[in-house]
Amino acid sequence: MTEDSGCAEQDIQACLQALEKAHAYLREEITGADAEVIREHLSACQNCMNNFDVEAAITQLVKKCCTGPKAPAHLKASIMQTILVDIENQPTQPEPPNIRGTSSTK
Ligand SMILES: [Zn+2]
């Protein structure tokens, strides 16, 4: 038997919720006990840490871009590239065939 220390299905649900709230948390829309719950989950869950790391980096970057006079453009570009590669690696749904009626009426 191999010890499966990965996320169980229930954990995945918790992860999704945590990441969803993480957005609001990063915008400082969530504070106090709610923020604690999110932080606790993120710090204890490696799966979330990997995702949250990227989210946090982007949000902090956006903040810097908005408030700071100097925005590290190269850093933003490299992060964006990482995300884009990540997205491209995800399986995309095949687009429905474009059925165009080439006016061939009799
Ligand atoms: Zn998690």
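Since every read-out is calculated from the coordinates, none of them should be taken as a lab result. Keep in mind that what you see is a predicted model, and the values were worked out from it rather than measured. Counting neighbours? That spans all protein chains shown, and the Cβs are built from the backbone with ideal geometry, glycine included.
The HN-Hα couplings worked out from phi for the range 11-24 by the Karplus form 6.51 cos²θ - 1.76 cosθ + 1.60 (θ = phi - 60°) are 5, 4, 4, 5, 5, 4, 5, 5, 5, 4, 6, 4, 4, 5 Hz, whole numbers, x standing for Gly and Pro. Close amide H partners of Ile30, meaning residues 5 or more places away or on another chain with modelled amide H under 5 Å apart, are Tyr25. Potential lengthening of the chain between Ala73 and Ala24 amounts to 15.2 nm, from the contour at 0.36 nm per residue minus the alpha-carbon distance.
Given R0 = 41 Å, the distance between the Cβ atoms of Gln81 and Glu36 translates into a calculated FRET efficiency of 0.75.
Between Thr59 and Gln90, the distance separating the two model label sites (each 7 Å from Cα on the Cα→Cβ line) works out to 1.8 nm.
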